[in-house]
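Notes follow the structure.
The values are calculated or read from the model by the stated rules, or taken from the named source; none is laboratory data. Bear in mind the structure is a predicted one, so any value in this text is a computation, not a measurement. All Cβ positions, glycine included, derive from the backbone under ideal geometry; neighbour counts span all protein chains shown. The accessibility values were calculated without ligands, DNA or RNA, using every heavy atom of the protein model including side chains. Shrake-Rupley method; radii C 1.70, N 1.55, O 1.52, S 1.80 Å.
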Amino acid sequence: MSKMGVRRLVTSVFLLLLAGRVCAEGPLEVSMGRLTELQLNLSTPTEVHLNNIPANVSVIIFQVHSQYVNVTLSFTKIPERNDSEVSSDAGLVSILHSGQINCTWYVETVSSDPVLVSALSIPYTERDPIPGACNQEFDLEIDPNIYLQYNLYETVIKIAPANLGYARDASAGGCDTQTGQNTRWRLQYDVYQYFLPENNLSEATVITHLLRMSTVSQVSTNGKKLATLTSNDRPTMSFSSIPGQGIIYNVIVRDPFLNTSAAYVPVHTYACNFTATMDNCYTLGKVSSKIFFTLFAILGLFVCFLGHRFLKTGFFFFGFIIFGFLMFVLLTRVTLLGYGDRLAFTALAGILGGVLLLGYWWRFGSVYICMLLVGLVLGFLVSSIVFFTPIGDFDTFRNDTVFWLTFTCIALLAPMCLLPFPRTLNILSCSIVGSYGVVLAVDSYLYTSLSYITLNILKRALNSDFSTVYTSVPFQTNDFIIIAVWAVLVLSGAFTQFYREREQPLFPPTPYAIWKRDRERRITNILDPIYHTPPLKERFLASLARFRDLFRKEQPLGERTPLLL
């Protein structure tokens, strides 16, 4: 058995022993509205019964959930395509008839390892809307499931439209025959999001928290409402993918005329694969990323405290950021290179950019041009922070033109306001941007939402469809600790540099001007000791000759003339 299989089995056994869970042997009876956890195996389907259903209940939504293994939920012992659902979050709608007081479902898995699942049945009356009752896209006739897909950039959920509720043995209203206020077109859909605890991939955690997003009252209390869709909107929404972070989504359909509502079957994702050989949910951090961002953080920490004193190092750091970022975006958009190759080219381009900016300062020494580039990096980070807040999810900024114009204006605001005070601009940039490098390095080893300050902007630059994505992220214990560390680094770095530089010139002289001045002194002043220093070429040749002498065999001393006979 694999390592993950052993881990899942231990978790399952622990939960069964702790909470009195049942193993799937023979029929299983569940209670209405109460979570039941059971363990499935490959041998036989589990028959689930719900008895003593009240007469005022007209619809039952039965749902089962596992952490990542697909299970099959069906109305019959031998599942068919139009009466079963295969998913890690599967649900079925049972329409009740007059006098019916029980329901039966079947749950099974094709996994060779035991699978821990949670089962829940939720009742609704004839006044409540029926989720997925106007399905015209998926296989089930009535489909209450939320269909989820994800990639590196976005996670997309899609639902089937709901219909108005009706009494037992009554006829369902038409889905598209009319569009008045007495039809399903008056229904509204509230989309909710719920974050699982950070850095927690345990099976027990997701099953426990799914209960908090299953019923209408629980979803409204625990979830974060992101948007409300009308029946005229497309029944789909996009969110930013957060690999390794567990997220639960659910949709509540509301009937504003009767003031009733019903919940779809919640769906969860980690935006990663638990069973992949490489880069699975347990090993998301790539070695190349860890090395890159660790070195970047070391340089950033040095710049945070000594960036203005060692001005050339600071300029190299900011040149590295500018050229590296542009190269990564360019390579991703126009090439098919793998992540490791792109990261390597990004590092090379960053080094070249740092050398170019450093060379520009050495030769021309234009303080304001250099400070403008440094300030743009600071402005980029400030603008990213602004759009990291709920402001970034405003509908106005779904338009790419509006977004990038606003982003650029905010990014230009910082250098424009502080450019008349170049030393202040440089010290603040070194402190804020340099310390943020530490945050990025922490994210390589331990998840933190703060990395998405810049990652969301990078995703939008790389993916044209990212403009429709909701970019909300969790803020939990780790994030608050790292925010505090970041703030301490910024304040201590800025204070240290302002204190050390309080009696120093604003900026040192241009290196080229110093070199030119020294050359003139050597030519015109023979009393200056520098005058007697040999040129660089002669010094190099002398050093080479001394090095060559180390390998030359020493000649013997004494008379070498042959003796005359």
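Things worth noting here:
- Taken together, I391, I432 contain a single residue that is out of contact with any strand residue (DSSP E or B) (no Cβ under 9 Å at 6 or more places or on another chain) and buried (at least 17 other Cβ atoms within 10 Å of the Cβ), which is I432.
- Looking at segment 45-89, the strands (runs of 3 or more DSSP E) lying wholly inside it that each contain 3 or more residues that are of a type in the set (A, V, I, L, M) and over 29 Å from the mean Cα position of the chain (by Cα) sit at 59-65.
- Within segment 420-475, being among the acidic types (D, E) and in contact with a Ser or Thr (Cβ under 7 Å, 6 or more places away or on another chain) holds for one residue alone: D443.
One line per residue, one yes/no per condition, for (1) open to solvent by less than 10 Å² (accessible area, probe 1.4 Å); (2) assigned to a helix (DSSP H, G or I); (3) at pLDDT below 95:
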residue	(1), (2), (3)
D341	no, yes, yes
L352	no, yes, no
L357	no, yes, yes
Y360	no, yes, yes
Y368	no, yes, yes
M371	yes, yes, yes
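- Any hit, segment 380-393, residues being at pLDDT 90 or above and more than 23 Å from S240 (Cβ to Cβ): no
- Per the conditions (1) in a loop (DSSP other than H, G, I, E, B); (2) touching a residue at least 60 places away in the same chain (Cβ under 8 Å); (3) of a type outside the set (V, I, T), the sole criterion not satisfied by S238 is (1).
- Single residue of P131, P114 found to be touching a helix residue (DSSP H, G or I) at 6+ places or on another chain (Cβ under 6 Å) and either of a type in the set (D, E, K, R) or in contact (Cβ under 8 Å) with a residue 60 or more places away in the chain (or both): P114
- Taking every residue in segment 323-344 that is under 16 Å from L458 (Cβ atoms) and without any contact (Cβ under 8 Å) to a residue 60 or more places away in the chain and pairing it with any residue that is surrounded by fewer than 17 Cβ atoms within 10 Å (Cβ to Cβ) and of a type in the set (A, V, I, L, M), at least 6 positions away or on another chain, the pairs with Cβ-Cβ distances below 6 Å are L331/L337.
- First in segment 177-189 and open to solvent by 20 Å² or more (accessible area, probe 1.4 Å), second anywhere and modelled with pLDDT of 85 or more, Cβ under 6 Å, 6 or more apart: T179/W185; W185/S231; R186/F257; Q188/T228; Q188/T230; Q188/R254
- Matching residues in segment 237-268 - criterion: being among the polar types (S, T, N, Q) and out of contact with any Phe, Trp or Tyr (no Cβ under 6 Å at 6 or more places or on another chain): S238, S240, Q245, N259, T260, S261
- For segment 190-206, the set of residues classified as assigned to a loop (DSSP other than H, G, I, E, B), surrounded by fewer than 18 Cβ atoms within 10 Å (Cβ to Cβ) and either modelled with pLDDT of 85 or more or touching a Lys or Arg at 6+ places or on another chain (Cβ under 9 Å) (or both) consists of P197, N200, S202, listed by residue number.
- Every listed requirement among (1) closer than 30 Å to S444 by Cβ; (2) out of contact with any helix residue (DSSP H, G or I) (no Cβ under 7 Å at 6 or more places or on another chain); (3) buried (at least 16 other Cβ atoms within 10 Å of the Cβ) is met by K224 save one, (3).
- When I248 is tested against the conditions (1) assigned to a strand (DSSP E or B); (2) of a type in the set (V, I, T); (3) closer than 22 Å to Q63 by Cα; (4) open to solvent by 20 Å² or more (accessible area, probe 1.4 Å), the lone failure is (4).
- In the set (1) more than 26 Å from Y153 (Cβ to Cβ); (2) assigned to a strand (DSSP E or B); (3) modelled with pLDDT under 95; (4) aliphatic (A, V, I, L, M), the condition left unmet by L226 is number (1).
- The residue pairs whose first member lies in segment 395-423 and is in contact (Cβ under 8 Å) with a residue 24 or more places away in the chain, whose second member is outside any helix (DSSP H, G or I) and open to solvent by 70 Å² or more (accessible area, probe 1.4 Å), and whose beta carbons are closer than 8 Å, counting only pairs six or more residues apart or on different chains, are P422/L506; R423/L506.
- Enumeration of residues in segment 208-223 that are within 18 Å of L148 (Cα to Cα) and in contact with a Ser or Thr (Cβ under 8 Å, 6 or more places away or on another chain): L210
- Residue count, segment 484-520 (criterion: at pLDDT below 75, open to solvent by 70 Å² or more (accessible area, probe 1.4 Å) and either within 13 Å of H308 (Cα to Cα) or not charged (D, E, K, R) (or both)): 1
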